[in-house]
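The values are calculated or read from the model by the stated rules, or taken from the named source; none is laboratory data. Everything numeric in this text was worked out from a predicted model, so none of it was measured. Virtual Cβ from ideal backbone geometry, glycine too; neighbours counted across all protein chains shown. When the accessible area is computed, the model is the full protein with side chains, heavy atoms only, and any ligands, DNA or RNA have been set aside. Shrake-Rupley method; radii C 1.70, N 1.55, O 1.52, S 1.80 Å.
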Amino acid sequence: MAISVSESFAVNLVAVFDSMTVAIQCRDLRKTYDGKVEAVRGLNLEIQVGECFGLLGPNGAGKTTTIEILEGLLQPTSGQVSIFGHSWNENEREMREWLGISLQETRLSEKLTVRETIDLFASFYREPRPTDEVMEQLELTEKADSWVGKLSGGQRQRLAVATALVCNPKILFLDEPTTGLDPQSRRQLWDIIRAFQKNGGTVLLTTHYMDEAERLCDRLAIVDHGQIIAEGSPADLINRLGGHHVVEFSVSGNHDGAALPAWRALPSVESVREDEGLIALNVKQPHLTIPALLETIDKQGGELQHLTTRQASLEDVFVRLTGRHLREE
Amino acid sequence: MHGSLAAKAAAQDDKAIGYDRHHRSMSIAQEVPIKTEHTEPAPPRRNGRWSGYSHLLMARMLELKREPEVVFWVFIFPLLLALGLGIAFRNKPGNAVSVAIVEGTGSRQAQSLLARSPQHDQFKVQVLNEDDARKGFRLGKFDLVIEPGNNGAVTYRYDPARPESVLAKAEVNDALQAAAGRKDTVPTTGVTSSEPGSRYIDFLIPGLLGMNLMNSGMWGIGFALVDMRQRKLLKRFVGTPMRRGDFLLALASSRLILMIIEVGLLLLFGALFFHMRVLGSIGSIALIAAIGSLTFGGVGLLTASRAQKIESVSGLINLVMMPMWIFSGVFFSYERFPAMIHPLIKALPLTALNDALRASILEGTPIMHQWPRMLIMILWGGVSFVLALKWFRWT
Ligand SMILES: Nc1ncnc2c1ncn2[C@@H]1O[C@H](COP(=O)(O)OP(=O)(O)OP(=O)(O)O)[C@@H](O)[C@H]1O
Ligand SMILES: [Mg+2]
């Protein structure tokens, strides 16, 4: 008897411990709109407490659909979601106390001031943060009494994040928080997100900026056509899939697809692709590849038109995986 | 049973751990109340049960106040309408009948006969050629055209669809006959009555009130909700612990507050400008207006329950309101429609509201005697509300 009691206690402890470390979890998530558009096709995620996790993907990849299902705002066609071990149909009101949300596009009421808007959102929570403190943090103090309709795009975006942060959330959901911001405002927002994370908060954000994902996220999932095609820390993804360096060049005269295997055979080359008239090599050690490359071109009687080498980025990972660019410029 | 055992065991475990850890300070820890062990600063802000509701209501009122269009359409426009219509249809003392006589052989005789008649000061007579006379008649400048024939006979040209034209024909005919020597066999006396309470403006103001409550209920709830849905603001609200019932309650409360201002302004205006007399009690008028306001709030909620775009909800709202503008007796009495469709007309919520307001304001009918009208409104509002909640989409 005593043994069985202490055993069940131990099991409870493990369950509690588990639910304490996993903030967001979903299994085999699917969403089909109107019975035909398969926006999310079998997605699994596990986001730890204190992590900043990014969903990176092109337009229409299913990022918003995924994040809104996790936020409990959209019913999945199938699959399970749990937030700190709770599912959405279990205790919605209580769970909402833990989440700060910023949707991809919310047009807040234009005729309310910044302060009134934050106060309004604060009023829905049991123990919100002081409005002044949040305005201070998001540098909205001097706009406190301006109407929302008179704010710039970046200020509105910051206000949207302020309405999410005022509730003192455990998890922050941000759907494309920096789209349309100038570089300085973006960096400001990154700092705010980092500060939130440093205080133990968990962040899930979506973006289609590679640099943002690379600098801000501890881990990320690259989403395409409703599925995760790669997952890991940015450095890990780049190392694993992007090659360490990229050597891009073009040759005048004979350059056709048939030459690609020849480039692939150069020393230290991991993969080759042709991209808008340039040949791009994923390379481990450029100092081995480049001399061999020059020699080969010379032998073929071609002429080198252009040569750059750079660190591989998430963009290269994406192109390697899908053959497409993340953002069509 | 098992659970409570486990809990006890856990509690004992806790104690054991506590004892191990704070072995030496044990006796002190027991004396000190548990509260002081966690000396966190008190949470700076704690919201009560109604904080969401009161903030939603305040935000809504502020938004309305800052929207000049709302102030105009809800408050000023009905006053202008009442003013305009009240002046256009005011009962003019000695309302002159304007008559055209077609030039010709008998025109002079007809004119002198009219001038000799006892009612001659009521007629405004002009002698014109036939074309001008008919044109003036078509444009409503003349109520009647007299076309004199041979041997003192006259032809009246009048429009049976225009009450003033029919009236003009009868009066002119009486005058001509009397001037020509006809004797009335029954002696009669007429007393004029344009007391406050029986004039067009008295009929109009309660109708405008009803229409205004319908307009602002439908737009104020229906349009506002779809606008918030389109702006994804509803979705954002649902992403917070906001109570959805409180949200709707705040919306309804804002309607009631506006209603009081709307009704008060219009009645005050009627009383000051047109010396309108309000016979019913303020309480019963307010109750009728509140029920009407909530009824149309419910109907507005229903029209807005699924629409995603403000364009589609605008069409829907106009579609719902159109029959009531026409049939429910806002500007003219629905008695003019065939009696066959009267039961249908009376089943419309705006008809019930207008009738109830008129009965209460103009006749002082107590609210108890108006229960069928109240019931009609409550049914419309209640059924709409229940259906709306069933179909309502927050996202
Ligand atoms: N309400 C909807 N009804 C039907 N289809 C939808 C709906 N919402 C999204 N979709 C479709 O689902 C797919 C995924 O859309 P989603 O908004 O999740 O993409 P996203 O990754 O957020 O894109 P973006 O970067 O442009 O925001 C798209 O093909 C989109 O057209
Ligand atoms: Mg999106």
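Which residue pairs have Cβ atoms closer than 7 Å, lie 6 or more positions apart in sequence or on different chains, and pair a first residue in the stretch B:52-79 that is within 11 Å of chain A (Cβ to nearest Cβ) with a second residue that is open to solvent by less than 50 Å² (accessible area, probe 1.4 Å) and among the aromatic types (Phe, Trp, Tyr)?
Note: pairs meeting the criteria are B:Gly52/A:Phe124; B:Leu56/B:Phe247.
Surrounded by fewer than 22 Cβ atoms within 10 Å (Cβ to Cβ), among the small types (Gly, Ala, Ser) and touching a helix residue (DSSP H, G or I) at 6+ places or on another chain (Cβ under 9 Å): does that describe B:Ser293?
Details: surrounded by fewer than 22 Cβ atoms within 10 Å (Cβ to Cβ): no; among the small types (Gly, Ala, Ser): yes; touching a helix residue (DSSP H, G or I) at 6+ places or on another chain (Cβ under 9 Å): yes.
It is false that B:Ser293 is surrounded by fewer than 22 Cβ atoms within 10 Å (Cβ to Cβ), among the small types (Gly, Ala, Ser) and touching a helix residue (DSSP H, G or I) at 6+ places or on another chain (Cβ under 9 Å).
Can you find even one residue in the stretch A:97-107 that is in contact with a Leu (Cβ under 9 Å, 6 or more places away or on another chain) and away from ligand 2 (no atom under 16 Å from the Cβ)? Step through it out loud before you land on a result.
First pass over the stretch A:97-107, keeping only residues in contact with a Leu (Cβ under 9 Å, 6 or more places away or on another chain): A:99-103, A:106-107.
Then drop every residue that is not away from ligand 2 (no atom under 16 Å from the Cβ), which leaves A:99-100.
Yes, there is a match, as at least one residue in the stretch A:97-107 is in contact with a Leu (Cβ under 9 Å, 6 or more places away or on another chain) and away from ligand 2 (no atom under 16 Å from the Cβ).
Within the stretch A:57-76, which residues are surrounded by fewer than 18 Cβ atoms within 10 Å (Cβ to Cβ) and within 14 Å of ligand 2 (Cβ to nearest atom)?
Scanning the stretch A:57-76 gives A:Asn59, A:Gly60.
Could you check the stretch B:50-126 for helices (runs of 4 or more DSSP H) lying wholly inside it with 1 or more residues that are out of contact with any strand residue (DSSP E or B) (no Cβ under 8 Å at 6 or more places or on another chain), surrounded by 14 or more Cβ atoms within 10 Å (Cβ to Cβ) and modelled with pLDDT of 85 or more? First the steps, then the outcome.
Details: elements: B:51-65, B:77-88, B:107-116.
Passing ranges, in order: B:51-65, B:77-88.
Could you check the stretch A:105-125 and list, in sequence order, the residues that are facing chain B (nearest Cβ under 7 Å), more than 15 Å from B:Ser54 (Cβ to Cβ) and not hydrophobic (A, V, I, L, M, F, W, C)?
A:Glu105, A:Thr106, A:Arg107, A:Ser109, A:Lys111, listed by residue number.
Among strands (runs of 3 or more DSSP E) lying entirely in the stretch A:161-224, which contain 3 or more residues that are within 18 Å of A:Leu73 (Cβ to Cβ) and within 16 Å of ligand 1 (Cβ to nearest atom)?
Result: A:171-175, A:202-207.
Out of curiosity, is A:Asn59 within 16 Å of ligand 1 (Cβ to nearest atom), within 28 Å of A:Arg215 (Cβ to Cβ) and assigned by TED's automatic domain parsing to the domain that holds A:Arg156? Reasoning before the result, please.
Numbers: within 16 Å of ligand 1 (Cβ to nearest atom): yes; within 28 Å of A:Arg215 (Cβ to Cβ): yes; assigned by TED's automatic domain parsing to the domain that holds A:Arg156: yes.
Yes: the conditions hold for A:Asn59.
Kindly indicate the residue of the stretch A:77-106 that is within 16 Å of ligand 1 (Cβ to nearest atom) and within 21 Å of B:Arg229 (Cβ to Cβ) and also surrounded by the most Cβ atoms within 10 Å (Cβ to Cβ) among those meeting that condition.
Checked the stretch A:77-106; the qualifying residue surrounded by the most Cβ atoms within 10 Å (Cβ to Cβ) is A:Ile101.
Which one of these does A:Leu205 not meet: (1) closer than 24 Å to A:Ile83 by Cβ; (2) open to solvent by less than 10 Å² (accessible area, probe 1.4 Å); (3) more than 16 Å from ligand 2 (Cβ to nearest atom)?
(3)
Looking at (1) modelled with pLDDT of 85 or more; (2) part of a helix (DSSP H, G or I), which is the one condition that is false for B:Phe142?
With respect to (1) modelled with pLDDT of 85 or more; (2) part of a helix (DSSP H, G or I), B:Phe142 is out only on (2).
Filter the stretch B:199-234 for residues that are under 16 Å from B:Ala359 (Cα atoms) and of a type in the set (Ser, Thr, Tyr) and give the result.
Once the filter is applied, which keeps residues that are under 16 Å from B:Ala359 (Cα atoms) and of a type in the set (Ser, Thr, Tyr), the stretch B:199-234 yields only B:Tyr200.
If I ask for residues that are in contact (Cβ under 8 Å) with a residue 40 or more places away in the chain and under 12 Å from B:Thr351 (Cβ atoms), which ones from the stretch B:319-338 would you list?
Here is the first cut: in the stretch B:319-338, the residues in contact (Cβ under 8 Å) with a residue 40 or more places away in the chain are B:320-321, B:324-325, B:328-331, B:333.
Correct list: B:Met324, B:Trp325, B:Ser328, B:Gly329, B:Val330, B:Ser333.
Are any of the residues in the stretch A:130-150 under 26 Å from the mean Cα position of the chain (by Cα), closer than 18 Å to A:Ser109 by Cβ, open to solvent by 20 Å² or more (accessible area, probe 1.4 Å) and more than 10 Å from chain B (Cβ to nearest Cβ)?
No - not one qualifying residue is present in the stretch A:130-150.
Any residue in the stretch A:184-207 that is in the same structural domain as A:Asp218 (by TED's automatic domain parsing) and within 18 Å of A:Thr64 (Cβ to Cβ) sitting within a Cβ distance under 8 Å of a residue that is part of a helix (DSSP H, G or I) and among the charged types (D, E, K, R)? List the pairs, counting only those 6 or more apart or interchain.
From the stretch A:184-207, the pairs are A:Thr206/A:Lys63.
If only one of B:Leu387, B:Leu362, B:Leu316 is in a helix (DSSP H, G or I), touching a residue at least 60 places away in the same chain (Cβ under 8 Å) and closer than 15 Å to B:Pro206 by Cβ, which one is it? Spell out the reasoning first.
Details: B:Leu387 fails: closer than 15 Å to B:Pro206 by Cβ; B:Leu316 fails: closer than 15 Å to B:Pro206 by Cβ.
When all the criteria are applied, what remains is B:Leu362.
With the condition kept exactly as written, say whether any residue in the stretch B:334-357 is of a type in the set (Ser, Thr, Tyr), surrounded by fewer than 18 Cβ atoms within 10 Å (Cβ to Cβ), over 13 Å from the mean Cα position of the chain (by Cα) and assigned by TED's automatic domain parsing to the domain that holds B:Ala286. Can you show your working first?
Filtering the stretch B:334-357 down to residues of a type in the set (Ser, Thr, Tyr) leaves B:334, B:351.
From what is left, the residues that are surrounded by fewer than 18 Cβ atoms within 10 Å (Cβ to Cβ) are none.
No, the stretch B:334-357 contains no residue that is of a type in the set (Ser, Thr, Tyr), surrounded by fewer than 18 Cβ atoms within 10 Å (Cβ to Cβ), over 13 Å from the mean Cα position of the chain (by Cα) and assigned by TED's automatic domain parsing to the domain that holds B:Ala286.
Identify all residues within the stretch A:31-56 that are open to solvent by 20 Å² or more (accessible area, probe 1.4 Å), within 7 Å of ligand 1 (Cβ to nearest atom) and not β-branched (Val, Ile, Thr); write none if there are none.
A:Tyr33, A:Asp34
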